[in-house]
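*Asks:* Sharing a structure here in structure tokens format.
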């Protein structure tokens with residue numbers, strides 16, 4: 001069985017760690033040429049519970065025989081994202097897949113009701129999680145609609161946005177995060193309508209709780225209150241426990257492949273049954 005993304009050109013933002021790293025590694029394994037876009041090449045730290053990001057994502061891909069390039073990117077700066085798209089096209093001639101994955105979740109370690117959430121937290125969360133996805137979608141779409149189709153179906157590109165179950169339902173004590181992800185959910189639908197006539201697919205992946213660098217502090221904490229919260233979180237998923245980044249990557253491969261050619265504007269829950277309740 002041949003790789004599903006053979007020779008596709010993909011940008012993954014937030015590729016240095018967590019879900020972004022897992023997506024980039026999986027895409028490379030599926031034959032894609034990956035642009036790893038992030039603020040830094042690696043987010044490994046001395047107290048990390050694993051060696052997940054001890055080496056950079058693009059270095060690991062290359063060491064495994066794949067093709068990858070690191071390009072520094074600040075998703076809160078539209079010029080930075082536009083530059084990544086431009087450099088990618090200069091390097092590879094086109095852009096097939098754009099994964100707007102970079103995100104933050106400050107409320108995971110400092111949960112608070114809306115009246116106690118600082119405006120600094122609110123604005124910072126929206127700048128990264130919503131504005132960054134908007135800028136990435138905008139920049140990728142602007143190029144994709146002008147390039148030649150990649151197949152006989154007329155497909156010109158695939159844009160995938162990192163959303164969340166909290167883009168579909170509300171979240172107690174995480175109003176800023178839920179607001180940002182709710183925006184991503186509807187941004188995805190709206191962009192899909194704009195892009196469909198050009199053969200550009202726009203979809204989102206909505207994970208449940210996933211253990212990554214964003215939630216690591218919570219899951220590692222010895223604080224009795226947070227330990228109890230972790231038990232509650234694990235019990236919120238009918239399939240029990242929480243996911244790992246690798247549990248989410250299959251959805252990103254599927255939605256970027258021709259198997260999903262009749263899909264656009266979709267928010268695909270990968271959540272252990274969280275939103276089925």
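The values are calculated or read from the model by the stated rules, or taken from the named source; none is laboratory data. Worth saying up front: this structure is predicted, and the values here are computed from it rather than measured. With ideal geometry, Cβ positions are generated from the backbone for all residues, glycine too; neighbour counts draw on all protein chains shown.
*Asks:* For residue 122, only one of the following conditions fails: (1) crowded, with 18+ Cβ neighbours inside 10 Å; (2) over 19 Å from residue 105 (Cβ atoms). What is its number?
*Replies:* (2)
*Asks:* In the stretch 174-202, which residue that is out of contact with any strand residue (DSSP E or B) (no Cβ under 6 Å at 6 or more places or on another chain) and not in a helix (DSSP H, G or I) is farthest from residue 108 (Cα to Cα)?
*Replies:* For the stretch 174-202, the residue satisfying everything is 199.
Residue by residue, here is whether (1) farther than 25 Å from residue 97 by Cα; (2) in a helix (DSSP H, G or I); (3) free of Cβ contacts under 8 Å to residues at least 60 places away in the same chain holds:
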site: 107; (1), (2), (3): yes, yes, no
site: 110; (1), (2), (3): yes, no, yes
site: 122; (1), (2), (3): yes, yes, yes
site: 125; (1), (2), (3): no, yes, yes
site: 131; (1), (2), (3): no, yes, yes
site: 139; (1), (2), (3): no, yes, no
site: 146; (1), (2), (3): no, no, yes
site: 149; (1), (2), (3): no, no, yes
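*Asks:* Return the residues of the stretch 15-42 that are more than 15 Å from residue 250 (Cβ to Cβ), touching a strand residue (DSSP E or B) at 6+ places or on another chain (Cβ under 6 Å) and part of a loop (DSSP other than H, G, I, E, B); say none if nothing qualifies.
*Replies:* The answer is 15, 16, 41.
*Asks:* Within the stretch 2-14, count every residue that is surrounded by fewer than 24 Cβ atoms within 10 Å (Cβ to Cβ), in contact with a strand residue (DSSP E or B) (Cβ under 8 Å, 6 or more places away or on another chain) and either modelled with pLDDT under 95 or not in a loop (DSSP other than H, G, I, E, B) (or both).
*Replies:* 1
*Asks:* Next up: For residue 239, work out the one condition from (1) surrounded by fewer than 19 Cβ atoms within 10 Å (Cβ to Cβ); (2) out of contact with any helix residue (DSSP H, G or I) (no Cβ under 7 Å at 6 or more places or on another chain); (3) touching a residue at least 24 places away in the same chain (Cβ under 8 Å); (4) not in a loop (DSSP other than H, G, I, E, B) it doesn't fulfil.
*Replies:* Only one criterion is unmet by residue 239, namely (4).
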